[in-house]
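Scroll down for the structure; my scribbles are underneath it.
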Amino acid sequence: MKIWQKSCKYPLKRHSYKELETTISQMENIYSTAKICDYKNKNKCDLALEPEITETLIRSRDPEELKHVWVEWRRASGEKVKSLYPKYVELANTAARLNNFSDYAAYWMKDYEADDFADQIETQWQKLKPLYLQLHAYVRRELRKKYGEDVVSKDGPIPAHLLGNAWAQTWSNIADFTVPFPGKQLPDVSVTLVEQGYNATSMFRLAENFFTSINLTAMPDTFWERSILTKQEGVDMICHASAWDFYDGKDFRIKQCTRVNMEDLLTAHHEMGHIEYYLQYKDQPTVFKEGANPGFHEAVGDVISLSVSTPSHLKKIGLLKDDSTDHEALLNHLYEKGLDKIVFLPFAYMMDRWRWNVFQGKVTPDNYNCNWWTLAEEYQGIEPPVDRSEEDFDPGAKYHIIADVEYIRYYVSFVIQFQFHKALCTEAKEYDPKNPNAKLLSQCDIYNNKDAGNLLK
């Protein structure tokens, strides 16, 4: 999974290379074993990120419980890796310089093949920012209605613990009480998945069915034999979903602590998209076994999810009874999609803006956390629910920060996946760019369309 990164680290002296790998491993171990105590039962202290903390942030509407979970997760994870992070930064930068890069940020950006890549991202973000600001203002108003002005101000940042996600990276989990047209259909089939007896394997089989329906490849038998699709009982493990290529042309796996809900159904399609990419280049020499850039890899699975999440597709596969296409229902669907796709952009950007600053020496360990929240307020318009200091290390509460995984790939993916989607939908004759009102791009579903699949190949 990280062969491309390790190639940068090989020039390190053996003891330094081992120290870097050990440091990352220690941070990952802290993250994977982090537990917090229950808000209502302080003697129950075995709540992990998956599933308990995540489910609480999704379901609870008690701001004090949400604050407790938010703070305690950061105390159990980020605060405990704080002392390790400066050593990781030092060693990663040393490895990059031995490979003739100015720092590790420059090494990360090399795959995008543009000297002004960071400037391009900033310029692109400024074009999208006005739409985000409108969405932010609307959500802030709805949160203020629910929780009151003592919790949510009229014109300030949104408290991060109220947004339905551990990192406020997507807000779709609060769509149920913030939609512009309450009572109108939202295409969330989580309850239906449970009622119909779906489990992790059947959800991944459903994803496989989509890919094969567009003339892509079925998963090999070894995929089903060797993948880990549910959290293992009694095992501390990092539940961040990931796809793995073992570089032998045969062994491809997914690790995911799958919950039976719509979010994880879409994640299953996303991760299987990585496997489909691996299968397409499995016979290439190792040096060519990677995407055009990291964003391309992330976009392949997500472009499929754009079809999967449409009400019409969910009806086709028996998960939605009514495919309501009235104006208000469609706006609710687009709103929920915005809470996922638009809201994510400033988060993804600020994640790596912060790390670029750190690797470039613009931010030092004595102001790690301050700079993190400065960027979070500037780009996301959010604030912590309690005062933070340099005793805290809130970046370390996010997997990619401690696991040495660059994040701007997701920003790139969230832009180009819509370009892919438009091209595939046009090829499938599900969308006509010359007559865009005949059928909206947001209603396109390429399921069962081999022309679209062949173009994706």
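Bear in mind that the values in this text are calculations on the coordinates, not laboratory data. These numbers come from a predicted model, not from an experiment. As a convention, Cβ positions derive from the backbone with ideal geometry for all residues, glycine included, and neighbour counts pool all protein chains shown.
Quick notes
- Cα gyration tensor shape for the range 228-387, rounded if a/c is under 1.5, else prolate or oblate: oblate
- When only alpha carbons are used to place a centre, the range 272-310 and the range 161-176 end up 27 Å from one another.
- Cβ-defined net charge surrounding T178, 12 Å radius [Lys, Arg +1; Asp, Glu -1]: +3
- Model label sites at E378 and E149, defined 7 Å from Cα along the beta-carbon direction, differ in position by 3.1 nm.
- Rel. contact order, % - alpha carbon contacts under 8 angstrom, at least six apart, the range 362-418: 29 percent
- Given K110/K289; K129/K439; K255/K398; K40/K67, the pairs whose alpha carbons are separated by over 24 Å: K129/K439
- Loop trypsin sites (Lys or Arg not before Pro), the range 361-433, which have at most 13 other Cβ atoms in a 10 Å radius of their Cβ (DSSP): K362, K429
- A DSSP coil position with no more than 12 other Cβ atoms inside 10 Å describes the following trypsin sites (Lys or Arg not before Pro) in the range 99-178: K154.
- DSSP beta bridge pairing in the chain, given as percent antiparallel to the nearest 5: 60 percent
- Residue order, fewest to most surrounding Cβ atoms within 10 angstrom, among C37, C444: C37, C444
- Links that overshoot a 27 Å alpha carbon limit, given the list K231/K316; K42/K82; K35/K87; K80/K337: K231/K316; K80/K337
- Potential lengthening between N435 and Q120 on full extension [0.36 nm per residue; Cα-Cα distance subtracted]: 110.3 nm
- Spin-label pair E391/R205, simplified geometry with 7 Å Cα→Cβ offset, distance in nm: 5.3 nm
- Sites count as exposed loop sites when they are chymotrypsin sites (Phe, Trp or Tyr not before Pro), lie in a DSSP loop, and have at most 16 other Cβ atoms within 10 angstrom; the longest stretch of the chain without one is 1-245.
- The range 80-97-the range 415-445 distance, computed between alpha-carbon centres (Å): 44 Å
- Rounded to the nearest 500, the helix-only mean residue ellipticity at 222 nm of the chain stands at -16500 deg cm²/dmol, with each DSSP H run of n ≥ 4 adding -39,500 (n - 2.57).
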